[in-house]
Amino acid sequence: MRTVAVCKVRVTANVDEVKCGMMKSDVELALKPGTMGSTARILVIEDNRSDVFLLNLALRKQNLLFELVHLPTGGQALAFIRRQGVYTDAAVPDLILVDLHLSRYSGEDILREIRSAGYLAGVPVCVWSSSQSRRDEALLKDLGVSQFITKPSGLDQFMEIGKAIKDLLPDHGPA
C-alpha cells in the first residue's frame, strides 16, 4: 500500500492556512502565518484532538510562523522517533511537545525513546499533562524535559500556553 500526501490549501489575499496530512494516517501538518522569519517546526504527541486545536489557537495568538505536526498515538510517535515507515525522511522538529498520559504508551516511554535518538539531541522537549503530580515533574526533569506544563481547564489560561511554547523555541523565544 502506498501513502500519498494530501494538502488542502485555502488562499485569500493573505494566506490563511495550509493543511497537509497523510492518507491512511492521522498525521496532520498545519502551516500558520506569522511575522517571525523562520518557521518553527513543532511535533505534538497528543491523543486529545481538542487540546491540539486549542494549542494551535494559542500559538497563532503568538504571531509565530509554525508547522504543527500532530501524532495522535504513541505508536506513531515511536515510528517518527525511530524514523520508520512514512517518517524515514521526516524533518527534525525544533520542539517536541508530549502528553504525559497517552493510551497504550506512556509519555515516559516516549521520552526515553526521544532521549535515545541521537538525531534529536538538543531538541527541547516539553511535557504537558492534566496531572499536577510533583512526582511526575521530578521524574521528567531526570529525563531531560525542558518544561512541564499543566493543562489548564479554562480557555484563557490555555491560551497562555502559546507564550510558554514560543519561549522554548530556538530563535523565537525571549532574547
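Quick note: the coordinates plus some simple rules give every number you see, no bench work behind them. If you're wondering where the values come from, they're calculated on a predicted model, not measured in any experiment. Here Cβ is always computed from backbone atoms with ideal geometry, including for glycine, and neighbour counts include all displayed protein chains.
Applying 1/(1 + (r/R0)^6) with r as the Cβ-Cβ distance of A91 and K61 and R0 = 30 angstrom yields a FRET efficiency of 0.75. Rounded to whole numbers, the Karplus 3J(HN,Hα) couplings from phi for the range 122-127 are x, 7, x, 10, 10, 10 Hz, using 6.51 cos²θ - 1.76 cosθ + 1.60 with θ = phi - 60°, and x at Gly and Pro.
In terms of its C-alpha gyration tensor, the range 36-175 has a rounded overall shape, because the principal axis ratio a/c (a ≥ b ≥ c, square roots of the eigenvalues) stays below 1.5.
Of I165, I114, the sequence from fewest to most neighbouring Cβ atoms within 10 angstrom is I114, I165. Highest average first, the peptides 92-101, 76-85, 144-153 ordered by how many other beta carbon atoms sit within 10 Å of their residues are 92-101, 76-85, 144-153.
The ranking of Y119, Y87 from fewest to most other beta carbons within 10 Å of each one's beta carbon is Y119, Y87.
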